[in-house]
There are 2 protein chains.
Amino acid sequence: MSEQQVASYPVDDTNRVKRRHQRAHYDHATVHALLDSAALCHVSYVIDGQPYCTPTLYWREGTTLYWHGSSASRMLRNLSEGQPACLTVAHLDALVLARSAFHHSADYRSVMAFGHARLIEDQAEKARALVMMVDRLFPGRTAGLRPTTDQELKATAVVTMEIEKASAKIRAAGVIDDEEDYALPVYAERIPVRSVLGAAEPCGRLMPGLARPATLSGFSAG
Amino acid sequence: MSEQQVASYPVDDTNRVKRRHQRAHYDHATVHALLDSAALCHVSYVIDGQPYCTPTLYWREGTTLYWHGSSASRMLRNLSEGQPACLTVAHLDALVLARSAFHHSADYRSVMAFGHARLIEDQAEKARALVMMVDRLFPGRTAGLRPTTDQELKATAVVTMEIEKASAKIRAAGVIDDEEDYALPVYAERIPVRSVLGAAEPCGRLMPGLARPATLSGFSAG
Ligand SMILES: Cc1cc2nc3c(=O)[nH]c(=O)nc-3n(C[C@H](O)[C@H](O)[C@H](O)COP(=O)(O)OP(=O)(O)OC[C@H]3O[C@@H](n4cnc5c(N)ncnc54)[C@H](O)[C@@H]3O)c2cc1C
Ligand SMILES: Cc1cc2nc3c(=O)[nH]c(=O)nc-3n(C[C@H](O)[C@H](O)[C@H](O)COP(=O)(O)OP(=O)(O)OC[C@H]3O[C@@H](n4cnc5c(N)ncnc54)[C@H](O)[C@@H]3O)c2cc1C
Ligand code: HEM
Ligand code: HEM
């Protein structure tokens, strides 16, 4: 596949990585894989000139991002009519201890996605997006749940944002010191950081005899 | 101690938790403990009406937050003269699977801190802040490193933000279902999520005979 055929997000002054630009990626494959590697994002938006940074869950379909909450949510109300937003996902992969203070660093992977957020008004489309949310995290789960009521659906807002621009930035370099500093008697290392799942805690009020469904086997401690 | 004596951040329309306000905390003790429980934050700021959400490391001293980067950094240049910012720290503690889609949730802890960011201009004060950064993460480490050069210090920008308003929000509830739904034959559970350190990876170019310093013993795999 030639360079031109790799689908990529357009780059302009908003999303062009200037600092350490060799760590930048704009192709759909890298950006989407990173977006699919997490459940928590941080969304930035502006109300009366004041920036806000709200942590929330999100999900992706093609080049579209979604997040959800209360129909009365201030964040969602302020992101319902095409206001600009920036949705960021970041992993801290390692702390890096170098021989100089200056070269201490971190390995990381992150994506910043820019667009204009809109509320999903259509109830069927909203219901579909919420099924996507549940089944993305817990494949097949929706089928076993009691149906969502109209009242619940009304109480819920889902926001959607087409990714207009995006950038990924990845550092996976470990210790990098100035060449002359490798001769110093200073200990240096990389300390990996990972997110792991603990042992699942069944609800204390389960109906007797209910076993953990096989569809959750992807979620095991470690 | 009476209610009045608990040091708290002032509350106004910016930082008053409206959604699930019973999960809110404004006291210094809760906010600061949460800020001290992480290294990674997300900072929101505005350039030409466009919100940005940048992941970065940070540290705290009293009611002051700091973060750092290149003197040429766009984020830091745009947060150098008292521009408004929101610095957010969030932990996803557990995924919560309920009996209805609607009551699926997450346990979490987060802080949103608001203020106006300024560049530290004084070189000595900047150097002190950077020592604080290194030694907060790695106690006593600065003492064993080669000194930072003037050129390195010039290349580095440190931003400081007095916390003017802040809120913490904590969900630690596990599964909560509608009372009548507990009778449904639907499996429900809480899946804990944790950040853990992996085994440290010593730099491949260490001077022969260099042992891992005892000051790093706080960082062990698990
Ligand atoms: C876990 C973690 C910890 C970090 N810690 C620090 C730190 O302590 N100090 C520090 O200086 N930097 C840190 N970074 C990098 C930081 O996110 C910025 O890349 C850096 O500060 C440069 O910011 P800037 O505004 O000058 O970048 P610029 O290159 O000017 O930003 C321009 C555009 O590039 C893109 N971009 C910039 N940074 C990122 C990113 N991280 N991910 C995706 N797209 C990006 C965005 O589209 C942005 O609008 C960290 C990143 C991560 C993920
Ligand atoms: C890991 C994690 C995952 C989350 N997932 C979701 C989700 O999927 N859907 C959802 O609706 N919400 C989620 N939340 C909660 C979310 O951060 C907001 O609290 C919620 O969306 C309400 O937003 P709002 O703007 O309507 O809040 P409002 O209550 O109107 O916000 C007003 C002020 O309250 C304070 N505040 C609000 N939220 C927080 C917070 N989380 N931490 C500290 N202070 C806060 C801030 O000062 C804010 O400016 C999640 C939080 C975390 C930490
Ligand atoms: C434990 C201590 C430290 C850690 C964990 C750390 C971590 C980081 C990280 C993750 C970055 C981002 C790199 C990137 O964009 O890919 C960064 C950038 C930077 N750090 Fe640090 N740092 C530390 C201490 C210091 C100190 C003490 C100085 C100065 C003396 C310094 C100077 C810089 C500079 C100048 C940049 C910008 C690099 C660039 O954008 O070109 N850091 N740091
Ligand atoms: C796996 C699926 C889901 C997860 C992990 C999840 C998680 C969350 C979280 C963490 C919150 C924030 C709660 C708080 O502020 O303390 C939230 C809020 C909310 N969710 Fe979900 N959710 C899921 C699915 C759904 C579905 C399918 C619906 C609707 C049918 C829904 C409706 C709501 C509503 C209305 C709120 C706002 C609560 C309030 O602010 O009062 N959620 N969700």
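The values are calculated or read from the model by the stated rules, or taken from the named source; none is laboratory data. Being a predicted model, the structure only gives us computed values, none of them experimental. When we count neighbours, we look across all protein chains shown, and the Cβ atoms used for this are built from the backbone with ideal geometry, even at glycine. All accessible areas refer to the heavy atoms of the entire protein, side chains included, with ligands and DNA or RNA removed. Shrake-Rupley method; radii C 1.70, N 1.55, O 1.52, S 1.80 Å.
For A:6, A:31, what's the largest-to-smallest order of accessible area, 1.4 Å probe?
Most to least solvent-accessible, the answer reads A:6, A:31.
Rounded to the nearest 100 Å², what's the accessible area chains B and A bury against each other, both chains counted, probe 1.4 Å?
7400 Å²
Just going by the charge dipole of chain A, with Lys and Arg at +1 and Asp and Glu at -1 on Cβ, which of A:117, A:25, A:72 is farthest out on the positive end?
Sorting the options by dipole projection puts first A:72.
Taking a virtual spin label 7 Å from the Cα of residue B:116 along the C-beta vector, which residues in the stretch B:49-86 bring their backbone nitrogen under 19 Å of it?
B:49, B:63-67, B:76-86
Could you give the C-alpha radius of gyration of the stretch A:90-206 expressed as a fraction of 2.2 N^0.38 Å, taking N as the number of residues it contains?
Cα Rg divided by the expected 2.2 N^0.38 Å: 1.70.
How do B:12, A:48, B:122 stack up against each other in accessible area, from largest to smallest, with a 1.4 angstrom probe?
I get A:48, B:122, B:12, largest accessible area first.
Scale the Cα Rg of the stretch A:139-219 by the rule-of-thumb value 2.2 N^0.38 Å and send over the ratio, two decimals.
Dividing the Cα Rg of the stretch A:139-219 by 2.2 N^0.38 Å gives 2.08.
Specify the inter-centroid distance of the stretch A:171-192 and the stretch A:122-148, based on alpha-carbon positions, in whole Å.
47 Å
So which lysines pass the test for residue B:18, namely a Cα distance under 30 Å, with those fewer than 8 places away in the same chain ruled out?
Candidates past the 8-residue exclusion: A:126, A:154, B:165, B:169.
Per-residue Cβ counts within 10 Å, from other chains only, averaged over B:137-150: what number is that?
The per-residue average across the peptide is 4.
Considering only protein heavy atoms, what per residue accessible area in square angstrom results for the stretch B:3-192 with a 1.4 angstrom probe?
For the stretch B:3-192, the per-residue accessible area is 43 Å².
For the protein assembly as shown, what is the charge dipole size about the Cα centre, in debye to the nearest 20, if Lys and Arg each add +1 at the Cβ and Asp and Glu each add -1 at the Cβ?
Roughly 480 debye, rounded to the nearest 20.
Can you list the residues in the stretch B:45-60 whose accessible area drops by at least 30 Å² when all protein chains are present, compared with the chain alone? Use a 1.4 Å probe, heavy atoms only.
In the stretch B:45-60, residues shielded by partner chains: B:46, B:50, B:51, B:52, B:53, B:55, B:57.
Would you mind working out the magnitude of the charge dipole of the stretch B:82-167 relative to its Cα centre, with +1 at each Lys and Arg C-beta and -1 at each Asp and Glu C-beta, to the nearest 20 Debye?
220 debye
Once neighbouring chains are kept in place and the probe is 1.4 Å, which whole percent of the accessible area of the protein assembly as shown is contributed by carbon and sulfur?
Answer for the protein assembly as shown: carbon and sulfur cover 54 percent of the accessible area.
Do you know the relative contact order of chain A, to the nearest whole percent, from alpha carbon pairs under 8 angstrom that are 6+ apart?
25 percent
Could you give me the percent of Cα pairs per 10 Å distance bin for the protein assembly as shown, shortest bin first, beginning at zero and ending with the bin that holds the maximum distance?
4, 19, 29, 27, 15, 5, 1
Excluding the sites themselves, what is the longest stretch of chain B that contains no GluC sites (Glu not before Pro) in a DSSP loop with at most 16 other C-beta atoms within 10 Å?
The answer is B:1-120.
Compare the Cα positions of B:38, B:58, B:215 along the charge dipole of chain B (+1 at Cβ of Lys, Arg; -1 at Cβ of Asp, Glu; about the Cα centre) and return the one farthest towards the positive end.
Going by the Cα projections, it comes out as B:215.
Calculate, for residue A:173 and residue A:72, the FRET efficiency according to 1/(1 + (r/R0)^6) with r their C-beta to C-beta distance and R0 35 Å; round to the nearest 0.05.
After rounding, the FRET efficiency stands at 0.20.
Which is the longest stretch in chain A that no exposed loop site breaks, taking sites as trypsin sites (Lys or Arg not before Pro) with a DSSP loop state and at most 16 other Cβ atoms within 10 Å?
Between the exposed loop sites, the longest stretch runs A:21-204.
Nearest 10 degrees is fine. How inclined is helix B:123-137 to the longest principal axis of chain B, computing both from alpha carbons?
Between the helix axis and the principal axis of chain B, the angle is about 50 degrees.
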